[in-house]
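Chemist: Please read through the structure below; I'll follow up with questions.
Readers should treat all values here as calculations from the given coordinates under stated rules, not as data from a laboratory. The structure displayed is predicted, hence computed values, not measured ones. With ideal geometry, Cβ positions are generated from the backbone for all residues, glycine too; neighbour counts draw on all protein chains shown.
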Amino acid sequence: MYYFPEQPPYLLLAIGLLIAVTSGFGLSGTLKTIVQKWRKDSTEKAEANFYSKQLLVPFLGITFGISLFLYSGLAIFGFPPILALGVGLPLSLLTCLLVWLQLSSMLSFAKNKGMQALDLDSLS
């Protein structure tokens with residue numbers, strides 16, 4: 001027996017994408033502000049945890065938006081709602097957790113070693 005949703009969640013798909021994109025712009029702006037502050041106050045050593053707290057709210061917005069987008073996309077393609085949530089939520093949360101760990105380690109590396117240490121173009 002096939003599952004065909006009576007009303008596919010197209011609106012939730014668009015809302016999830018909108019939330020993720022706008023939160024991404026917020027995260028980008030916050031990162032640019034943090035880097036500019038590091039350049040201006042290069043003598044002052046601030047903790048990386050303080051910057052992580054500033055980045056947490058936009059990143060949680062991205063996580064929520066991606067989770068909603070993935071759940072809605074799976075539901076549109078015929079997954080039952082429980083299965084779509086069971087697949088989409090752990091997949092998006094695990095991915096976002098790994099990205100958060102990578103972002104925080106890169107920020108602490110850049111804070112300790114300087115932004116020139118992250119220049120990957122010079123390696124080629």
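Chemist: For segment 8-110, which trypsin sites (Lys or Arg not before Pro) are in a loop by DSSP, counting at most 14 other Cβ atoms within 10 Å?
Modeler: Details: sites: Lys32, Lys37, Arg39, Lys40, Lys45, Lys53; in loops: Lys45.
Sparse-neighbourhood loop trypsin sites (Lys or Arg not before Pro): Lys45.
Chemist: Would you mind ranking Thr63, Thr22 by Cβ crowding within 10 Å, fewest neighbours first?
Modeler: By the 10 Å Cβ count, ascending: Thr22, Thr63.
Chemist: Taking the Cβ of each residue in Ser28, Ser67 as the centre, tally the other Cβ atoms inside 10 Å and list the residues starting with the fewest.
Modeler: Lowest to highest Cβ neighbour count: Ser28, Ser67.
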